[in-house]
Amino acid sequence: MSELLKKKKNGYLIVPEEEKMAYDYCEGYKSFLNKGKIERFCVEESIRIAEEAGFVPFSYGTVYMPGDKVYYNQHGRAVIFAIIGSESAEEGFNITAAHVDCPRLDLKQVPLYEDGGLALMKTHYYGGIRKYQWVALPLALCGVVCKRNGETVRIEIGNDPEDPVFYITDLLPHLAKDQKEIGGEDLNLVVGSKPDAEEDGQPYKTSVMKILNEKYGLTEEDFETADISAVPAGNARDIGFDRSLISAYGHDDRICAYPELTALLALKEVPKKTCVAVFADREEVGSAGISGMRCSFVSDFLTELCGDKNARRAFANSCALSADVNAAFDPTFPSVYEKRNSAFVNHGIAVSKYTGSRGKSGCSEAPAELLGKLFKIFDDNNVLYQTSELGKVDQGGGGTVSQFLAERNILVVDVGVAMLSMHAPYEAAGKLDIYHMHKACLAFYENY
Ligand code: MN
Ligand code: MN
């Protein structure tokens, strides 16, 4: 009788021999996280890794041959990697699509001010954050300033343990009886507290600008032409006596992006289908904008690879993993989950037939045919996976980039790593699941 029933089992009990491989794999992942705290840095680092493996920038008009490895850099904020397959392009692409932007606090265009003996900077949060989590912790500043003279200045302060960090204050418990929540305008970064002795107008601002001018050649108006974000300053660390999870800023969604790329690099033979890994930007704010999945750059790039007249047929024959995170069951907050349909940490990658909210609204649901074919591939290649729904019906919900692939007539399913504390400054995810995301992408590229 029991063979008729499906058992949920922790992956470590199914493949104990993979523990070392998973832990070793995650060392590379942790280093990737530490180097790529914002989407630009993530794009830089992934291109560096890909170039080492022989990828070259895509060039218009070049005829690519099976086995060629190219990447397309979308304004330094999104990137697509592709390995040309042996079949003709109209047979379709095997696409994995993750995002490399994460919730964070962006500097406003006029950020710097002084008040109460402090120099501070105004921020505007990006993505869905619970604001109370972002106060009273060390933050780093990452980004670029594009000066009017054409010079681009890279800013990264706070990630090196020797660097100073930045900090948002919160009320002391002794005076917090009236505080209900942290407001968006309360997320002000402390950036200095030493007045400039020669300046009596705005001595604290002046003192900060003198440092920024000396180190980076900046004046106050350069903030108007900058993309700078405050992100958690700490590095990725192992969690638990058994070191089986990782605490890090930005798992969502580098935890899927990194495996997409490592799986491409792990292809031993020229794949049949052209295999494509997309690192998109802007997902956390609805995928709008020049580097988001609503922009045509992904379909334009694929069209360049297969030729205009074949593009529609190629898309119709393509399949995509919308690679994004899912919520793992959290025993401290069981009431928001429906346990039978939740994913559990280290039980394998999480596959969601649908996302959305309130009656699946706004989701792209994967058809049963696709899931049947995909799960057979996962079974044949020893990929650990579990089905997963974000939480209880009507508890909330969320979306991914899957709908924007479906809009281009590309079959798509949501696949990713289930994690704890999603969108918190430090999120948590299991190492075995991360490794199996790599195995899942590889099996998909080779066999779909
Ligand atoms: Mn995500
Ligand atoms: Mn997210």
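Rule-based calculations on the coordinates, nothing more; no lab input. Keep in mind the model is a prediction, meaning the values are calculated, not measured. Positions of Cβ are backbone-derived with ideal geometry, glycine not excepted, and every protein chain shown enters the neighbour counts.
Between the listed residues PRO103, SER229, SER357, the Cα displaced farthest toward the positive end of the dipole of the chain, a dipole computed from Cβ unit charges relative to the Cα centre, is found at SER357.
Work through the residues other than TYR385 whose Cβ is under 13 Å from its Cβ and net out their charges, Lys, Arg +1 and Asp, Glu -1. With Lys, Arg at +1 and Asp, Glu at -1, the net is +2.
For ASN188, the residues whose amide H sits under 5 Å from its own are THR169, ignoring neighbours fewer than 5 places away on the same chain, with H placed 1.01 Å from N.
Treating the beta-carbon of each Lys and Arg as +1 and of each Asp and Glu as -1, no other charges, what is the dipole magnitude of the chain about its Cα centre, to the nearest 20 debye? Don't jump to the answer; show the numbers that get you there.
Details: 48 positive and 65 negative charges, 274 e Å.
Dipole of the chain, to the nearest 20 debye: 1320 debye.
Distances over 13 Å make up what percent of all Cα-Cα pairs in region 196-240?
Details: 687 of 990 pairs.
Value for region 196-240: 69 percent of Cα pairs lie more than 13 Å apart.
Starting from one equal scatterer on each C-alpha and no solvent at all, send me the Debye-based log10 I(q)/I(0) for region 161-250 at q = 0.13, 0.19, 0.21 Å⁻¹, two decimals. With no solvent term, the Cα-only Debye profile gives -0.73, -1.12, -1.18. log₁₀ I(q)/I(0) of region 104-232 at q = 0.12, 0.20 Å⁻¹, via Debye over equal Cα point scatterers, no solvent, to two decimals? For region 104-232, the Cα-only Debye profile gives -0.48, -1.24.
Hey, what's the per residue convex hull volume over the C-alpha atoms of region 400-443, in cubic angstrom? It would help to have the intermediate numbers written out before the result.
Details: hull volume 3.7 nm³, N = 44.
Hull volume normalised by residue count: 85 Å³.
The region of the chain that goes longest without hitting one of the GluC sites (Glu not before Pro) in a DSSP loop, each with at most 12 other Cβ atoms within 10 Å, is 270-448.
Around LYS6, under 15 Å between beta carbons, what's the net of Lys plus Arg minus Asp minus Glu among the other residues? Present the calculation step by step, with values, prior to reporting the outcome.
Values: positive: LYS7, LYS8, LYS9, LYS339, ARG340; negative: GLU3, ASP379.
Here the count lands on +3.
Using the Cβ of ASP238 as centre and a radius below 12 Å, the other residues enclosed give a net charge of +2, where K and R count +1 and D and E count -1.
The length gained on full extension between GLU185 and GLU221, counted as 0.36 nm times the residue separation minus their Cα-Cα distance, comes to 10.8 nm.
Equivalent-ellipsoid semi-axes (√(5λ), Cα gyration tensor) for region 139-206, whole Å, largest first?
Working: eigenvalues 167, 73, 38 Å².
Gyration-tensor ellipsoid for region 139-206: 29, 19, 14 Å.
Roughly what % of Cα-Cα distances in region 63-117 sit above 15 Å, to the whole percent? Above the 15 Å cut-off, region 63-117 has 68 percent of its Cα pairs. For region 210-279, chymotrypsin sites (Phe, Trp or Tyr not before Pro) are listed when DSSP marks them as loop and at most 11 other Cβ atoms sit within 10 Å of their Cβ; the list is PHE241.
Ordering GLY201, GLY289, PRO173 by Cα displacement along the dipole of the chain toward the positive end leaves GLY289 in first place; charges were set at the Cβ atoms of Lys, Arg (+1) and Asp, Glu (-1). Taken over the chain, the convex hull of the Cα atoms encloses 168 Å³ per residue. Considering only THR152, LEU371, ALA343, and ranking their Cα positions along the charge dipole of the chain that arises from unit charges at the beta-carbon of Lys, Arg, Asp and Glu, the one farthest toward the positive end is LEU371.
Compute the projected area of the convex hull of the Cα atoms of region 274-420, averaged over all viewing directions, and report it in nm² to one decimal place. Show your work: numbers first, answer last.
Details: hull surface 37.4 nm².
For region 274-420, averaging the hull's shadow over all directions gives 9.3 nm².
The three principal axes of the Cα atoms in region 361-448 give end-to-end lengths of 35, 32, 21 Å, sorted in falling order. For region 202-255, applying the loop criterion from DSSP together with a ceiling of 14 other beta carbons within 10 Å to the trypsin sites (Lys or Arg not before Pro) yields ARG243.
For region 198-276, what is the charge dipole size about the Cα centre, in debye to the nearest 20, if Lys and Arg each add +1 at the Cβ and Asp and Glu each add -1 at the Cβ? The partial results should precede the final answer.
Numbers: 9 positive and 15 negative charges, 169 e Å.
With Lys and Arg at +1 and Asp and Glu at -1, about 820 debye.
Under the combined filter of DSSP loop state and at most 11 neighbouring Cβ atoms within 10 Å, region 339-448 retains these trypsin sites (Lys or Arg not before Pro): ARG358.
From the alpha carbon centroid of region 319-380 to that of region 384-403 is 6 Å. Need one number: the % of Cα-Cα pairs in region 20-92 sitting beyond the 15 Å mark. Result: 63 percent of Cα pairs exceed 15 Å.
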